[in-house]
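Colleague: I'd like to ask some things about the structure below.
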Amino acid sequence: MDRGGLVEHRQRLLAGLRGQVVEVGAGPGGTFPHYPATVAEVLAVEPEPRLREIARRAAAAAPARVEVVDGTAERLPLPDASTDAVVFCLVLCSVADPVAALTEARRVLRPGGELRVLEHVRADGHPRLVRVQRWMDATVWPRIAGGCHVGRDTTAVVRRAGFTLDRVERFRFPDAATPFSSHVLAVAVPATEPG
Ligand SMILES: C[S@@+](CC[C@H](N)C(=O)[O-])C[C@H]1O[C@@H](n2cnc3c(N)ncnc32)[C@H](O)[C@@H]1O
């Protein structure tokens, strides 16, 4: 996916970030080379030990300072109000309870902090594809794909977790009508009134 153009979307996801950043579900560290120089430090949280090992090697080669740690989206190893940004890249499709994960992200954000999300999502505007996504999510797909759901309405989930959306870009990647190709890149801030 990176060779197919995902890199460009990763770069847009991270552009303009600064200070302390938490990346949740960092996997093998595909975003690490793309953090801008304005980021002082990335805490990369990854629950899967094998992926954590690969991520540690990627961290050593990354231009940014990246520390890879064990943890989950539902329980981040950080105090309240301790980070400037939380990043999710292709993770919220797989967590069991995305509202709980984003509520936890809100807990660790400092006042003025922001949430960045890049996810594949429900194919809004394409009813036939939405039907296929519903069928996949209700049957075999999450079981064979590590808990992944293809049809989540992730921007609605972000709002439900108490964020206000500042920017939402919807795009197809790859540029084809498949259950996996509808994506969203969203920037959000904690709402003054959650809900
Ligand atoms: C499709 S991979 C994406 C990896 C990476 N973010 C990227 O952009 O290449 C999904 C990642 O989410 C992680 N993940 C799944 N459930 C999680 C959870 N509850 N908390 C944190 N990470 C989780 C997986 O271990 C995996 O690394």
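Colleague: How high is the FRET efficiency from residue 107 to residue 128, r the C-beta distance, R0 30 Å, rounded to 0.05? Don't skip to the answer; put the middle values down first.
Modeller: Details: r = 39 Å, r/R0 = 1.30.
Result of the calculation: an efficiency of 0.15.
Colleague: Something else: Using a 1.4 angstrom probe on heavy atoms only, work out the carbon and sulfur share of the accessible area of the chain in %.
Modeller: Working: 5150 of 9460 Å².
Carbon plus sulfur share of accessible area: 54 percent.
Colleague: Which FRET efficiency value, to the nearest 0.05, is calculated for residue 41 and residue 96 with the Förster distance at 41 angstrom and r the Cβ-Cβ distance? Please list the in-between numbers first.
Modeller: Working: r = 28 Å, r/R0 = 0.69.
Efficiency for this residue pair is about 0.90.
Colleague: Relative contact order of the range 2-190: what whole-number percent is it, with Cα pairs under 8 angstrom and at least 6 residues apart? Walk me through the numbers on the way to the answer.
Modeller: Working: 402 pairs, mean separation 35.5, N = 189.
About 19 percent, as a whole number.
Colleague: Mind checking the dipole of the chain: about its Cα centre, +1 per Lys or Arg Cβ, -1 per Asp or Glu Cβ, Debye to the nearest 20?
Modeller: Working: 25 positive and 23 negative charges, 87 e Å.
So the magnitude is around 420 debye.
Colleague: Something else: Given bins 5 angstrom wide, list per bin the percent of all Cα-Cα distances in the range 100-195, short to long.
Modeller: In order of increasing distance, the bins hold 3, 14, 22, 21, 17, 13, 8, 3, 0 percent.
Colleague: Work out the charge dipole of the chain with +1 on the Cβ of Lys and Arg and -1 on the Cβ of Asp and Glu about the Cα centre, then indicate which of 69, 192, 181 is farthest towards its positive end.
Modeller: Of the options given, the answer is 181.
Colleague: Label-point separation (nm) for residue 65 and residue 153, each offset 7 Å from Cα along Cα-to-Cβ?
Modeller: So the label points at residue 65 and residue 153 sit 4.2 nm apart.
Colleague: Here's another thing I want to ask about it. Just the accessible area per residue of the range 72-195, please: how many Å² with a 1.4 Å probe? Present the calculation step by step, with values, prior to reporting the outcome.
Modeller: Numbers: 5970 Å² over 124 residues.
Heavy-atom SASA per residue in the range 72-195 reads 48 Å².
Colleague: Taking the Cα centre of the range 2-190 as the origin and placing charges on Cβ (Lys, Arg +1; Asp, Glu -1), which of 113, 148, 171 is farthest toward the positive end of the dipole?
Modeller: In the range 2-190, that residue is 171.
Colleague: In deg cm²/dmol, rounded to 500, what helix-only [θ] at 222 nm does the chain give when every DSSP H run of at least 4 residues adds -39500 (n - 2.57) and the total is split over its residues? Walk me through the numbers before you get to the answer.
Modeller: On the way: 6 runs with 55 residues, N = 195.
Result for the chain, helices only: -8000 deg cm²/dmol.
The values are calculated or read from the model by the stated rules, or taken from the named source; none is laboratory data. Remember, predicted model here, so these are calculated numbers, not experimental data. Virtual Cβ from ideal backbone geometry, glycine too; neighbours counted across all protein chains shown. For the accessible areas, the whole protein counts, side chains as well, though only heavy atoms, and no ligand, DNA or RNA atoms are used. Shrake-Rupley method; radii C 1.70, N 1.55, O 1.52, S 1.80 Å.
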